[in-house]
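Student: Have a look at this one.
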Amino acid sequence: MASSSSPQRLLHLLSLILLLFAFCTIAESSQFCDAGIGYGESTCGVSSSSSTKLLIKGGTVVNAHEMEVADVYVEDGIIVAVRPNIKVGDDVTVLDATGKFVMPGGIDPHTHLDFEFMGSETIDDFFSGQAAALAGGTTMHIDFVIPVNGSLLSGLEAYEKKSKKSCMDYGFHMAITKWDEVVSKEMEIMVNEKGINSFKFFMAYKGALMINDELLLQGFKKCKSLGALAMVHAENGDAAYEGQRRMIELGITGPEGHALSRPPVLEGEATARAIKLAGFMNTPLYVVHVMSIDAMEEISKARKSGQKVIGEPVVSGLVLNDSWVWDPDFITAAKYVMSPPIRAARHGKALQAALSMGILQLVGTDHCPFNSTQKALGIDDFRKIPNGVNGIEERMHLVWDTMVESGQISVTDYVRVTSTECARIFNIYPRKGAIRAGSDADIIILNPNSSFEISAKSHHSRSDTNVFEGWRGKGKVEVTISGGRVVWLNDELKVFPGSGKYVEMRPFSYLFNGIGKADAKYLSSLKAPIKRFRATT
């Protein structure tokens, strides 16, 4: 009798566990509801896993390499079918996409939400930043975890708490700020147990996040062994520090001093150095926020030689120029301060061309906004202005308006640079970055004939400024679907904290294909060691 009742006890225990989990989820959601945090009413107290059935009819479905007129049917957060003339029952919500593009939701590879930096904390947390993203057609982002006193595990724990209020899917990169055996072991845990497959090394911010070449080499070596992607913020931190001192000695204390202190040559030098060191270790390299011709040309040269280097421009670097930091109004000028700096217009034009030719592969934002009060911390010394601009809500619209409307890239290329390539690089394709059966139902409907306007008065970020203020363009995201739920429709956002999911990213993406063969070829080319005989007397 005891053995026959064991399965019943186990089933009963499992039911209690599931009930407790559901209660905790509802309780957490209720806490957010009681606090009045959220947009809209429909998601308050409703689990993100609620059954949803959607049919998107008659749109032009766009993937990175093809487009076709078809319907898209979604159940329970997953795309079930993509084909013409799908028939459904009355219990299905139908969205008419005739004359519009149906695309994978954007994936932003570079954000800093709830980030403590330069004596301040970014104004957007994991709810407000993600809400802004969804309103702009981005359905997933990858944020940077900053270690706590060098500890990766402590840093991850802190960011896990911060991200509990997420309202869309997200992943993590991990920064490396020091090196010892503990960090090396923690990198293994991040990759093998925590779903993190990329590590960022800061070559700038001397005295804070900056690391030296010795640490960079050790980090590259470890990344390669783990199948993790090494990422670099490429600026010569020592030279930038000297440039800052030079500006202060010249009496240049305003925001223009920031741009003058770290010219393009410093970005180009660090990019070249990182590329050569990654080549020496034979490991793939990802260069974040490429802002200059100098850096772009180093990436181009490396790629032409066969080295695996990814270049990521950010939307501010593509479409803005440095004229704003000379504005006589401090608040206006200071809101454009970021690192590397926004460059002269010719750099942005060159980056656009490089993106269209495949020299640069995908577009991020480096969304790291501070409000005007925070920026005013540096009113007498540009070195104290918190570095960072917005972009998470604006990226999809600006890339379409600047690159597609101008004819520089195709509609399929647009999907590639805003979504699919990021999914491939970080090894989450085709779960993300595709409109196909079995993929997550993270979908946008973009109307190429509709117009948009950007303003701090209407955006969803908590910042009181916007570096793209007043921009008007064509190509508007009219619908955003996140995890099978319609969260943006008719210019209304319906999201609530706690509905987002953490996405684990596996190591050894396509960038590691052939690395082993290249290593073997290198070893065979050494023709060493040579057997030598000691002379005898």
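Student: Condition (residue is in contact with a strand residue (DSSP E or B) (Cβ under 7 Å, 6 or more places away or on another chain) and among the β-branched types (V, I, T)) applied to the stretch 255-270: is it met by at least one residue? Step through it out loud before you land on a result.
Tutor: So the first thing to find is which residues in the stretch 255-270 are in contact with a strand residue (DSSP E or B) (Cβ under 7 Å, 6 or more places away or on another chain), and the list is none.
Checked the stretch 255-270: no residue is in contact with a strand residue (DSSP E or B) (Cβ under 7 Å, 6 or more places away or on another chain) and among the β-branched types (V, I, T).
Student: Is it fair to say T402 is buried (at least 22 other Cβ atoms within 10 Å of the Cβ) and either at pLDDT 95 or above or not basic (K, R) (or both)? Spell out the reasoning first.
Tutor: Working: buried (at least 22 other Cβ atoms within 10 Å of the Cβ): no; either at pLDDT 95 or above or not basic (K, R) (or both): yes.
Criteria not met by T402.
Student: Name every residue in the stretch 217-230 that is in contact (Cβ under 8 Å) with a residue 60 or more places away in the chain and buried (at least 22 other Cβ atoms within 10 Å of the Cβ), in order of residue number.
Tutor: Applying the first criterion (in contact (Cβ under 8 Å) with a residue 60 or more places away in the chain) to the stretch 217-230 yields 217, 220-221, 223-224, 226-229.
Those that are in contact (Cβ under 8 Å) with a residue 60 or more places away in the chain and buried (at least 22 other Cβ atoms within 10 Å of the Cβ): F220, C223, A228, L229.
Student: Could you run through the stretch 515-536 and say how many residues are exposed (fewer than 10 other Cβ atoms within 10 Å of the Cβ), of a type in the set (S, T, Y) and under 30 Å from V309 (Cβ atoms)?
Tutor: Residues in the stretch 515-536 being exposed (fewer than 10 other Cβ atoms within 10 Å of the Cβ), of a type in the set (S, T, Y) and under 30 Å from V309 (Cβ atoms): 2 in total.
Student: Could you go through the stretch 144-157 and let me know if any residue there is among the aromatic types (F, W, Y), open to solvent by less than 10 Å² (accessible area, probe 1.4 Å) and in contact (Cβ under 8 Å) with a residue 24 or more places away in the chain. Give the derivation first.
Tutor: Here is the first cut: in the stretch 144-157, the ones among the aromatic types (F, W, Y) are 144.
Of the ones still in play, those that are also open to solvent by less than 10 Å² (accessible area, probe 1.4 Å) are 144.
The next check asks that each one be in contact (Cβ under 8 Å) with a residue 24 or more places away in the chain; those that pass are 144.
Taking every residue of the stretch 144-157 in turn, at least one turns out to be among the aromatic types (F, W, Y), open to solvent by less than 10 Å² (accessible area, probe 1.4 Å) and in contact (Cβ under 8 Å) with a residue 24 or more places away in the chain.
Student: Exactly one condition in (1) over 24 Å from the mean Cα position of the chain (by Cα); (2) within 30 Å of E421 (Cβ to Cβ); (3) surrounded by 17 or more Cβ atoms within 10 Å (Cβ to Cβ) is not met by E256; state its number.
Tutor: It fails just one condition, (2).
Student: Inspect the stretch 37-46 for any residue being at pLDDT below 95 and either part of a strand (DSSP E or B) or within 30 Å of Q361 (Cβ to Cβ) (or both) and give the result as yes or no. Lay out the reasoning, then the answer.
Tutor: Residues of the stretch 37-46 that are at pLDDT below 95, as a first pass: 37-46.
Filter again for either part of a strand (DSSP E or B) or within 30 Å of Q361 (Cβ to Cβ) (or both), leaving 39.
Looking through the stretch 37-46, at least one residue is at pLDDT below 95 and either part of a strand (DSSP E or B) or within 30 Å of Q361 (Cβ to Cβ) (or both).
Student: Mind listing just one residue for me: the one in the stretch 460-484 that is open to solvent by 30 Å² or more (accessible area, probe 1.4 Å) and closer than 19 Å to K100 by Cα and, of those, farthest from the chain's Cα centre (by Cα)?
Tutor: It comes out as K474.
Student: Mind listing whichever residues of the stretch 92-110 are small (G, A, S) and not in a loop (DSSP other than H, G, I, E, B)?
Tutor: Initial filter on the stretch 92-110 (small (G, A, S)): 97, 99, 105-106.
G106, the sole residue that qualifies.
Student: Which of (1) without any contact (Cβ under 8 Å) to a residue 40 or more places away in the chain; (2) surrounded by 18 or more Cβ atoms within 10 Å (Cβ to Cβ) does H233 not meet, given it meets every other one?
Tutor: (1)
Student: Answer with yes or no whether G129 is open to solvent by less than 10 Å² (accessible area, probe 1.4 Å), of a type in the set (G, A, S) and not in a loop (DSSP other than H, G, I, E, B).
Tutor: Details: open to solvent by less than 10 Å² (accessible area, probe 1.4 Å): yes; of a type in the set (G, A, S): yes; not in a loop (DSSP other than H, G, I, E, B): yes.
Yes: the conditions hold for G129.
Student: Another one. May I ask you to list pairs of residues, at least six apart or on different chains, whose Cβ atoms are under 6 Å apart, with the first in the stretch 352-368 being crowded, with 21+ Cβ neighbours inside 10 Å and the second being basic (K, R)?
Tutor: As it stands, the answer is T365/R395, since those pairs meet every condition given.
Student: I'd like to check something: does the stretch 74-81 contain any residue that is open to solvent by 90 Å² or more (accessible area, probe 1.4 Å), at pLDDT 95 or above and in contact with a strand residue (DSSP E or B) (Cβ under 6 Å, 6 or more places away or on another chain)?
Tutor: no
Student: What tally of residues in the stretch 100-117 results from selecting those that are in contact with a His (Cβ under 6 Å, 6 or more places away or on another chain) and not acidic (D, E)? Walk me through how you get there before you give the answer.
Tutor: Step one: filter the stretch 100-117 for residues in contact with a His (Cβ under 6 Å, 6 or more places away or on another chain), giving 108, 111.
This time we only want the ones that are not acidic (D, E), so: 111.
Counting residues in the stretch 100-117 that are in contact with a His (Cβ under 6 Å, 6 or more places away or on another chain) and not acidic (D, E) gives 1.
Student: Applying the selection to the stretch 96-111, what residues are surrounded by fewer than 21 Cβ atoms within 10 Å (Cβ to Cβ) and either under 30 Å from K200 (Cβ atoms) or not β-branched (V, I, T) (or both)? Write out each step before concluding.
Tutor: In the first step, residues of the stretch 96-111 are kept if they are surrounded by fewer than 21 Cβ atoms within 10 Å (Cβ to Cβ); the result is 96, 98-99.
Correct list: D96, G99.
Student: From the list G279, G306, G317, G311, exactly one residue is modelled with pLDDT of 95 or more, under 27 Å from A175 (Cβ atoms) and open to solvent by 30 Å² or more (accessible area, probe 1.4 Å). Which is it?
Tutor: Values: G306 fails: under 27 Å from A175 (Cβ atoms); G317 fails: open to solvent by 30 Å² or more (accessible area, probe 1.4 Å); G311 fails: open to solvent by 30 Å² or more (accessible area, probe 1.4 Å).
Of the residues listed, the single one that is modelled with pLDDT of 95 or more, under 27 Å from A175 (Cβ atoms) and open to solvent by 30 Å² or more (accessible area, probe 1.4 Å) is G279.
Student: For a quick check of your reading of the model, give me the residue pairs whose first member lies in the stretch 410-437 and is farther than 23 Å from I196 by Cβ and open to solvent by less than 10 Å² (accessible area, probe 1.4 Å), whose second is assigned to a loop (DSSP other than H, G, I, E, B) and among the hydrophobic types (A, V, I, L, M, F, W, C), with beta-carbon atoms closer than 6 Å and at least 6 apart or on different chains.
Tutor: Matching pairs, first to second residue: V415/A64; V417/L362; V417/V363.
Student: Could we say that G388 is open to solvent by 10 Å² or more (accessible area, probe 1.4 Å) and either out of contact with any helix residue (DSSP H, G or I) (no Cβ under 7 Å at 6 or more places or on another chain) or of a type in the set (S, T, Y) (or both) here?
Tutor: Details: open to solvent by 10 Å² or more (accessible area, probe 1.4 Å): no; either out of contact with any helix residue (DSSP H, G or I) (no Cβ under 7 Å at 6 or more places or on another chain) or of a type in the set (S, T, Y) (or both): yes.
It is false that G388 is open to solvent by 10 Å² or more (accessible area, probe 1.4 Å) and either out of contact with any helix residue (DSSP H, G or I) (no Cβ under 7 Å at 6 or more places or on another chain) or of a type in the set (S, T, Y) (or both).
Student: Do you know which of the residues in the stretch 282-303 that are β-branched (V, I, T) and free of Cβ contacts under 8 Å to residues at least 60 places away in the same chain is most open to solvent (accessible area, probe 1.4 Å)? Steps first, answer last, please.
Tutor: Taking the stretch 282-303 and keeping what is β-branched (V, I, T), we get 283, 287-288, 290, 293, 299.
Right, trim to free of Cβ contacts under 8 Å to residues at least 60 places away in the same chain and you get 287, 293.
Details: V287: 3, I293: 31 Å².
If we take residues in the stretch 282-303 being β-branched (V, I, T) and free of Cβ contacts under 8 Å to residues at least 60 places away in the same chain, then I293 is most open to solvent (accessible area, probe 1.4 Å).
Student: On to the next question. In this structure, is A376 of a type in the set (A, V, I, L, M) and touching a Phe, Trp or Tyr at 6+ places or on another chain (Cβ under 8 Å)?
Tutor: Working: of a type in the set (A, V, I, L, M): yes; touching a Phe, Trp or Tyr at 6+ places or on another chain (Cβ under 8 Å): yes.
When the stated conditions are applied, A376 passes them.
Student: For the stretch 405-434, name all the residues that are in contact with a Pro (Cβ under 7 Å, 6 or more places away or on another chain) and not in a loop (DSSP other than H, G, I, E, B).
Tutor: Passing the criteria: V415, S419, T420, C422.
Student: Filtering the stretch 369-384 down to residues that are assigned to a loop (DSSP other than H, G, I, E, B) and open to solvent by less than 10 Å² (accessible area, probe 1.4 Å), which residue is nearest to T139 (Cα to Cα)? Spell out how you get there, then give the answer.
Tutor: If we filter the stretch 369-384 for residues that are assigned to a loop (DSSP other than H, G, I, E, B), which is where we start, we get 369-371, 379-381.
Subset that is open to solvent by less than 10 Å² (accessible area, probe 1.4 Å): 369-370.
Details: P369: 19, F370: 22 Å.
Across the stretch 369-384, the extreme among qualifying residues is P369.
Student: Among the candidates K200, K161, single out the residue that is within 29 Å of L134 (Cα to Cα) and crowded, with 19+ Cβ neighbours inside 10 Å.
Tutor: Working: K161 fails: crowded, with 19+ Cβ neighbours inside 10 Å.
Among K200, K161, only K200 is within 29 Å of L134 (Cα to Cα) and crowded, with 19+ Cβ neighbours inside 10 Å.
Student: Quick test of your reading of the structure: K194 fulfils all but one of (1) open to solvent by less than 40 Å² (accessible area, probe 1.4 Å); (2) touching a helix residue (DSSP H, G or I) at 6+ places or on another chain (Cβ under 8 Å); (3) of a type in the set (D, E, K, R). Name the failing condition by number.
Tutor: It is condition (1) that K194 fails.
The values are calculated or read from the model by the stated rules, or taken from the named source; none is laboratory data. Computed from a prediction, not measured in an experiment: that's the story for all the values here. Using ideal geometry, Cβ is built from the backbone for each residue, glycine included, and neighbour counts are taken over all protein chains shown. Heavy atoms of the whole protein, side chains included, go into the accessibility calculation; ligands, DNA and RNA do not. Shrake-Rupley method; radii C 1.70, N 1.55, O 1.52, S 1.80 Å.
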